[in-house]
Amino acid sequence: PDAGAALDYALAGKLSAVAEGRAKYSLMLTEDGGVVDDLVTYHLPDGDYLVVANAANTETDLTEFSKRCASFDVTVSDESAQTALVAVQGPKAVEIVLATLAKADTTLDSDEVRDVKYYRCLTGQLDGSPTLVARTGYTGEDGYELYVPAEAAEHLWNLLMEAGGDDLTPCGLACRDTLRLEAGMPLYGHELGIDIHPSQVGLGRVVNFKKEGGLVGLAGEGRRAARAGYAVMNEGKEVGSITSGILSPTLGHPIAMAFVDPGVAAVGTSLSVDVRGKTLDVTVVELPFYKRS
C-alpha cells in the first residue's frame, strides 16, 4: 500500500503521481547526487509498480530498494529471472506487433495496442501467458517492449519472427547501443555513474525538487520558537530535525523549516518539537510562509 511513497523516497522522481497504466523514467541517486542507476518504472493496472533496472545493476538496485523501502509498508521482490523482455523497435514496430497479436489467442485489444501512447502500458493474456505491452524503449525509435514469463519467451519470439518476416531483424545490445547513441541518450556505465550528476548529462529535469518529504514548513502557536537542531516528533517518535526557526514578526507566530520523514510531510500533519524538554505543537504548512502582496 505504500509503494508510491516508497518509490518517491527511493528515486529522484515523484512516482506516486504516475497514474496506473503509465510509466516514468527516473534515477536512483547516491546521497551526494551521483547516479546509482537509471530506471523505468511502470505503474501497473493492478496497482503494483514494476521497476526495470539495467541488468548489470540488478543486485545493487535490489539492495538499495530493500534498504530504502524498509520503513514503508511494501514488498520488494526480484522477478528478473522469471521475466523476459523482448523489444520491438523501429518504423514497422506497430505493424509487426499487431500482426503478432492476430496470430495469437489474446485478450489484448489490437486498437488499444496500436493507439497506446508513449510511456504507457497495457496488460493482458497472450496464448495463456500474462503479457505487459509497453510503448517504451531505449533506442530513440517508436516501438514496444513486451514482458512475458521467461518460459513464454521462446514462443513470443517465434510469433514475432513469423509475423515480421523480412521486415524484422533480430539484434542485440550493440545495435541498441548504436541507436541510443545516435539519439543522444545517456547509458549507465558510460554517460551515467556514481561520479556523474544528472545535470551534467541533461537529466536535471528528472529530479523532482518539490515532492513531499524532505524539507517542510512548520507553524506553531504562542511565542516559543523551535531552533536549528531541535527534534521533530510524531507520537513520541523522532521523525525529523529543525533546520531553521524563528518567531515570525510578520506573521506573529513561530515558524520553522525542517527535514522530516516522507510519511509525515503532508500539509496539515500535526507534529511536535522538543524545545529543551518542553513540547511545542506544530503543523506542516506550505512554503513559503509569506508572499509579498
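Where only DSSP H runs of four or more residues are counted, the chain gives -5500 deg cm²/dmol as its mean residue ellipticity at 222 nm, each run worth -39500 (n - 2.57). Summing Cβ point charges (Lys, Arg +1; Asp, Glu -1) relative to the Cα centre of segment 1-135 gives a dipole of roughly 480 debye. Ranked by the mean number of other Cβ atoms within 10 Å of their residues, highest first, the peptides 169-178, 5-14, 268-277, 87-96 come out as 5-14, 87-96, 268-277, 169-178. Around the Cα centre of segment 197-293, unit charges on the Cβ atoms of Lys, Arg, Asp and Glu (plus for the first two, minus for the last two) sum to a dipole of about 380 debye.
Under a Gaussian network description of the chain, with springs only between Cα atoms under 10 Å, the residue in Leu203, Leu156, Leu218 that fluctuates furthest is Leu203. Once the gyration tensor of the Cα atoms in segment 10-150 is diagonalised, the equivalent ellipsoid follows with semi-axes of 28, 16, 14 Å, ordered largest first. Given the alternatives (1) -0.97, -1.13, -1.29; (2) -0.94, -1.04, -1.14; (3) -0.85, -0.98, -1.10, log10 I(q)/I(0) by the Debye sum over Cα atoms at q = 0.13, 0.14, 0.15 Å⁻¹ as computed for this entry is given by (2). Between the alpha-carbon centers of segment 70-114 and segment 262-293, tell me the distance in whole angstrom. The two parts, judged by their Cα centres, are 45 Å apart. Judged by a Cβ-Cβ distance under 4.7 Å, the unpaired cysteines of the chain are Cys69, Cys121.
Counting only protein heavy atoms and a 1.4 Å probe, segment 1-110 has 49 square angstrom of accessible area per residue. The portion of the accessible surface of the chain made up by carbon and sulfur, rounded to a whole percent, is 50 (1.4 Å probe; DNA, RNA and ligands excluded).
The values are calculated or read from the model by the stated rules, or taken from the named source; none is laboratory data. Keep in mind that what you see is a predicted model, and the values were worked out from it rather than measured. We place every Cβ from the backbone using ideal geometry, glycine too, and count neighbours over all the protein chains shown. Ligands, DNA and RNA are excluded from the accessible area calculation, which covers all protein heavy atoms including side chains. Shrake-Rupley method; radii C 1.70, N 1.55, O 1.52, S 1.80 Å.
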